[in-house]
1. With the Cα gyration tensor of the stretch 96-153 giving a ≥ b ≥ c as the square roots of its eigenvalues, does the rule (a/c under 1.5 for rounded; else a/b larger than b/c for prolate; else oblate) give rounded, prolate or oblate?
2. Quick one: which residues, 5 or more positions from LEU389 or on another chain, have an amide H under 5 Å from its amide H? H modelled 1.01 Å from N in the peptide plane, none for Pro or chain starts.
3. From the Cα trace of the stretch 277-319, what convex hull volume per residue do you get, rounded to a whole Å³?
4. If I stretch the segment between ASN48 and HIS22 completely, what's the gain in nm (0.36 nm per residue apart, minus their alpha carbon distance), one decimal?
5. At 7 Å along Cα-to-Cβ for each site, give me the label-to-label distance between PHE420 and GLN300 in nm.
6. With a ≥ b ≥ c the root eigenvalues of the C-alpha gyration tensor of the chain, is it rounded (a/c under 1.5), prolate (a/b larger than b/c) or oblate?
7. With viscosity set to 1.567 mPa s at 4 °C, what whole-number translational diffusion coefficient in µm²/s follows for the stretch 106-218 from Stokes-Einstein and a Kirkwood radius over Cα pairs?
8. Roughly how far apart, in whole Å, are the Cα centres of the stretch 197-276 and the stretch 324-361?
Amino acid sequence: MLQIAHIQAHKEEVIAALQKRHFSRATELVEKAISIDNERRTTQSSLNELQAGANEVAKSIGALMQQGKKEEANQAKEKAAQNKQSIKDLEDKLKELENDLTNCLYEIPNTPYKDVVAGKSSEDNQTIEEWGTIPTLADDAVPHWELIKKYDIIDFELGNKITGAGFPVYKGKGARLQRALINYFLDEAIAAGYKEVQPPILINEASGYGTGQLPDKEGQMYEATADNLFLIPTAEVPITNLYRDEIVKESDFPIKMTGHTPCFRREAGSWGADVRGLNRLHQFDKVELVVIEHPEKSYQRLENMLSHVKGLLEALELPYRVLRLCGGDMGFTSAMTYDLEVYSAAQGRWLEVSSVSNFETFQSNRLKLRFEDKDKKKHLAHTLNGSALALPRIVATLLENNQTAEGIKIPKVLQDYCRFEKID
């Protein structure tokens, strides 16, 4: 969440930045947050004065008793009792105001970085670059949902039988391709200096609030209601929360982590052609990159993470394009996001396979994730994350773009991982 001190000092700048998102409640919520904070400050000041006065009264009681001034001492005791109740009332009011302020700040999205353009939807995103040649397929080429049936490598009907729609079963070479991609992505991340972690795939509420999934996206997460836990929508959540309530050293930067997890998303309200086959699932595998970085170096780190993902797509020989999202298409917590899309030749369209984002201090303020500089001063760190990569649409595009009359060719970089050269 945004820092209230920053909002107080830069109110008009914050409102203008939020308007890049076409966030209709920008002025309303910023003014509300400032009003609550002003009342909180006044209440805190009154409480401090009352507590100081109460301490003086308490000290005077003993002195009055020693001087034999019993009546005055009793009056002081009565005043102390009144002060005690008044202090409790102010403490209760202060706690309520702090909760109100936090809840108000939870409703305000991150302010976009200066390079982010204003825009309402994905149509306003900026294409930064394109790479590769879109393959020309044979006239009888088919989309991946037909290929997986032909080669019996992924079974949606079995998944529906076991769980429900959107939970496929990977079989034979389909399962081995999944495992190959996961191992390849992890190995490349480790070679780039990321430390592999294997986090839990269930999170508590504190973790959800820490990275911004709560209270914004609870409708998209599966919940284990008996234990008040949530299945993770992405490994970003548990991996970033490893550093919740932590103070790191400036010399620790960059803190680079990677992990593979299954991801679970209800995808409520999704329908249409873009959800067919592997295009949109309720459970899927993903390798994630998470970085905790010094604020002065976070945008350089964002470019570095983007280059890493581009390198993976080039090694897989998948044509891609890089988009910088406009204000209206960015996630709630992001200050700047790059989306990477691969071209699915049989479907004839671009499919998003990765988002790489800088959250600046938005998550770390919630997480209370700080670093200590050389002068022993504490500052909020910057957090970043990126998909490297999400598997379903990568698999879909690999199958479609590499289909031949003899079978589906496996990219050279994966052949040692798969231990086969084609699916036939």
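1. It comes out oblate by the Cα gyration axes.
2. Hits under the 5 Å cutoff: VAL287.
3. Output value, Cα hull per residue: 115 Å³.
4. Extra length available between ASN48 and HIS22 comes to 5.3 nm.
5. Each label point is offset 7 Å from its Cα along the Cβ direction, giving 4.6 nm.
6. prolate
7. For these conditions, the coefficient is 66 µm²/s.
8. Between the Cα centres of the stretch 197-276 and the stretch 324-361 lies a distance of 18 Å.
The values are calculated or read from the model by the stated rules, or taken from the named source; none is laboratory data. If you're wondering where the values come from, they're calculated on a predicted model, not measured in any experiment. Backbone-built Cβ (ideal geometry, glycine too); neighbour counts: all protein chains shown. Surface areas here come from the heavy atoms of the whole protein model, side chains and all, with no ligands, DNA or RNA. Shrake-Rupley method; radii C 1.70, N 1.55, O 1.52, S 1.80 Å.
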